[in-house]
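These notes concern the structure reproduced below.
The values are calculated or read from the model by the stated rules, or taken from the named source; none is laboratory data. Quick caveat: nothing in here was measured; it's all calculated off a predicted structure. Note that we place each Cβ from the backbone using ideal geometry, even for glycine, and neighbour counts take in every protein chain shown.
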Amino acid sequence: MPILTAVVLTSAIAGFAGLLTDLNRVSADDAGAASAEVSTESAASAPSNEAVALLRQSRNELFARKSVRAKLQETVSMGDRKFRASGSYTAGQFPKLRLEFDVEVGKTTGTLKEICDGSLLWTEQAIKSADDEAPTVQVSRTVIDDVLSAVAESGDNPEALLIAGLGVGGVPALLAGLERAMVFEALKSDQAGGREYSVIQGRWNDVYLTRFGGAGGRPLPNFVPDRVRIYIDQETLFPTRVLYLKQIADEQGAETSRKYRSMLSLEFSEIVLDGPVSEEDFRYLPPTDVETRDRTKEFLDLIEQANRSAETAGETP
């Protein structure tokens, strides 16, 4: 997967991006259809201070929570790659976290676990096809303090936060990375299931447009979304839905319309805030018959690379 793809997808699905890639490689021909939301938007509006303030308020509220529990559903639709996965998200006092996903693509099944006890982030991926007697399991660990220190030293560099992803910092880190990488536009209201939502939409800022190859009005690559849309519950300020949108091209391939389809969605349900959690939720024992790979240096190298790119682009890391 190209590094830009990994950065974009990591902001929403952490290590799950790698799992989807592996599943697609095994059985792309078996992939079932996934629903894709299509919407029509007006031309890009001016930046909204109100939208940014709401995003920050949502992020700060999450950091202040004692705990979050929720069901999680993810849908990915990128060309021929179509997947749907379901799982759960549990967050305790930062940075304790547990993220679990199950996915089925044709005759191939996969699971992802990301568990952080505050010191170590463990990642377990298991993939099994119909011909396999047992799943192929991969386990890695990351020293969380080292990664968080590197992210802190990167200052306002959003790519460092995007690299960290859901596994390092949970949903608040996701929102922080998006805030710094995007320009958020006018605030809107929506209603669903008897609840009121504030909806904000963002587009990549000039630095990221250039980095992704979209400077000068050029269309972005197929694997890079054009917009992100966030639905924030007006009562709890929890971001219940995050959509990554791709502009739909016309018959000649030109992106002249204002219609967008969802290429990646992240949706939370059955949300419980400040409820009881156990330390057992954040404990993990790796299988004794699987070699554990240490990914700490890998994360640190990616963050260092992002900082160098930011300096080259004129940002202050």
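Of all the residues in the stretch 180-195, those that are in contact with a strand residue (DSSP E or B) (Cβ under 9 Å, 6 or more places away or on another chain), surrounded by 12 or more Cβ atoms within 10 Å (Cβ to Cβ) and not β-branched (Val, Ile, Thr) number 9.
From the set of residues in the stretch 116-134 that are part of a strand (DSSP E or B) and aliphatic (A, V, I, L, M), which is surrounded by the most Cβ atoms within 10 Å (Cβ to Cβ)? Let's see the steps before the verdict.
Within the stretch 116-134, the first condition is being part of a strand (DSSP E or B), and the residues that meet it are 116, 120-128.
After this cut, where a residue has to be aliphatic (A, V, I, L, M) as well, the list is 120-121, 126-127.
Working: Leu120: 16, Leu121: 26, Ala126: 19, Ile127: 21.
That would be Leu121.
Filtered by the rule that a residue be buried (at least 19 other Cβ atoms within 10 Å of the Cβ) and of a type outside the set (Gly, Ala, Ser), the stretch 196-206 gives Tyr197, Ile200, Gln201, Arg203, Trp204.
May I ask you to verify whether Lys113 is modelled with pLDDT of 90 or more and part of a strand (DSSP E or B)?
Numbers: modelled with pLDDT of 90 or more: yes; part of a strand (DSSP E or B): yes.
So Lys113 fits the description; yes.
Number of residues in the stretch 55-74 that are assigned to a strand (DSSP E or B) and either exposed (fewer than 15 other Cβ atoms within 10 Å of the Cβ) or not aliphatic (A, V, I, L, M) (or both): the value is 4.
Please specify each residue of the stretch 186-233 satisfying the condition of being among the polar types (S, T, N, Q) and within 22 Å of the chain's Cα centre (by Cα). Outline the logic, then answer.
From the stretch 186-233, those among the polar types (S, T, N, Q) are 189, 191, 198, 201, 205, 210, 222; that's our starting set.
Within the stretch 186-233, Ser198, Gln201, Asn205, Thr210, Asn222 meet the criteria.
With the structure loaded, tell me whether Gly155 is farther than 28 Å from Phe101 by Cβ, at pLDDT below 85 and touching a Pro at 6+ places or on another chain (Cβ under 7 Å) or whether it fails that test. In short, yes.
Any residue that is farther than 24 Å from Arg81 by Cα, in contact (Cβ under 8 Å) with a residue 60 or more places away in the chain and charged (D, E, K, R) - is there at least one of those in the stretch 181-189? Yes, there is a match, as at least one residue in the stretch 181-189 is farther than 24 Å from Arg81 by Cα, in contact (Cβ under 8 Å) with a residue 60 or more places away in the chain and charged (D, E, K, R). Scanning the stretch 61-74 for residues that are out of contact with any Pro (no Cβ under 8 Å at 6 or more places or on another chain) and in contact (Cβ under 8 Å) with a residue 12 or more places away in the chain yields Glu61, Arg65, Lys66, Val68, Arg69, Ala70, Lys71, Leu72, Gln73, Glu74.
So which residues in the stretch 280-297 are without any contact (Cβ under 8 Å) to a residue 40 or more places away in the chain and among the charged types (D, E, K, R), if there are any at all?
Residues of the stretch 280-297 without any contact (Cβ under 8 Å) to a residue 40 or more places away in the chain: 280, 285, 288-289, 297.
Of everything in the stretch 280-297, those that are without any contact (Cβ under 8 Å) to a residue 40 or more places away in the chain and among the charged types (D, E, K, R) turn out to be Glu280, Asp289, Lys297.
Scanning the stretch 75-99 for residues that are surrounded by fewer than 17 Cβ atoms within 10 Å (Cβ to Cβ) and without any contact (Cβ under 8 Å) to a residue 60 or more places away in the chain yields Asp80, Ser86, Ser88, Gln93.
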